[in-house]
Amino acid sequence: MLLTLDIEDGRPLHEQAADAIRRAIADGEVEPGDRLPPARDLADAMSINANTVLRALRELRAEGLLEFRRGRGVTVLRRPDPETGLRAQLRDLVAEARRRGFTTADLTRWIEEES
């Protein structure tokens, strides 16, 4: 599971980590029933603190995507609603566009051109 964060993104790291894990589940990199790697390994992969990853995992547990089991780790329960994954990608796109000096109006125009 390849998870990366954008240090330029203004959102808190735990939100970015939760989005990255949510996307991995939505994209089928991790299936329902699969166990996630330990928080330390996820933290190393994303170059962030393990406590930040734990906060992201707790957020995903609250959404009903993950289950924590003592001695068994963290298991994926279900895939997120497809809209959730698309919205996460949209947030990433909007953030990247803003960093490059584009507006949401620019993005809207491009989407309409592609339709």
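With a probe of 1.4 Å, find how much accessible area the chain has per residue, and write the answer as a whole number in Å².
Computed with neighbouring chains in place, this is 64 Å² per residue.
On a 0 to 90° scale, report how tilted helix 82-99 is relative to the longest principal axis of the chain, with both axes built from alpha carbons and the result rounded to the nearest 10.
Here the helix axis deviates by roughly 60 degrees.
Please give me, ordered by residue number, the trypsin sites (Lys or Arg not before Pro) of segment 80-115 that lie in loop per DSSP and have at most 12 other Cβ atoms within 10 Å.
Of the trypsin sites (Lys or Arg not before Pro), the ones in loops of segment 80-115 whose Cβ has at most 12 other Cβ atoms within 10 Å are Arg100.
Once the other residues with Cβ under 14 Å from the Cβ of Val74 are scored (Lys, Arg +1; Asp, Glu -1), what is the net sum?
+4
In a Gaussian network model over the chain where Cα atoms closer than 10 Å are linked, find which of Leu90, Leu77, Leu36 has the largest mean-square fluctuation.
Judging by the Gaussian network model, the answer is Leu90.
So what does Arg72 come to for accessible area, using a 1.4 Å probe and Å² rounded to 10?
We get 140 Å² for Arg72.
At 0.36 nm per residue, minus the direct Cα-Cα distance, what do Arg87 and Asp44 gain on full extension? Give it in nm, one decimal, please.
The span from Arg87 to Asp44 would gain 12.9 nm if fully extended.
According to the square roots a ≥ b ≥ c of the eigenvalues of the Cα gyration tensor, what is the shape class of segment 30-115, taking rounded for a/c under 1.5, prolate for a/b larger than b/c otherwise, and oblate for the remainder?
Verdict is prolate for segment 30-115.
If you fit an axis through the alpha-carbon atoms of helix 104-114 and take the longest principal axis of the Cα set of the chain, what angle between them do you get, 0 to 90°, nearest 10?
Roughly 80 degrees between the two axes.
Return one number: the angle in degrees, 0 to 90 and rounded to the nearest 10, between the long axis of the Cα atoms of helix 50-62 and the longest principal axis of the Cα atoms of the chain.
90 degrees
With contacts defined as alpha carbon pairs under 8 Å and 6 or more residues apart, what's the relative contact order of the chain in percent?
26 percent
Quick one: net charge around Glu96, please, counting Lys, Arg +1 and Asp, Glu -1 for every other residue with C-beta under 14 Å from its C-beta.
-1
With the chain treated as a Gaussian network of Cα nodes joined by springs under 10 Å, which of Ala105, Ala39, Ala56 yields the largest mean-square fluctuation?
Its mean-square fluctuation being the largest, the pick is Ala105.
In the chain, carbon and sulfur make up what percent of the accessible area (probe 1.4 Å)?
Of all accessible area on the chain, carbon and sulfur atoms account for 48 percent.
What is the sum of charges around Gln16, taking Lys and Arg as +1, Asp and Glu as -1, for the other residues whose C-beta is under 12 Å from the C-beta of Gln16?
Here the count lands on -2.
The values are calculated or read from the model by the stated rules, or taken from the named source; none is laboratory data. This one's a predicted model, so the numbers in the text were calculated from it and none came from an experiment. Glycine also receives a Cβ, built like all others from the backbone with ideal geometry; neighbour counts cover every protein chain displayed. In case anyone asks, the SASA skips ligands and DNA or RNA and just uses the protein heavy atoms, side chains included. Shrake-Rupley method; radii C 1.70, N 1.55, O 1.52, S 1.80 Å.
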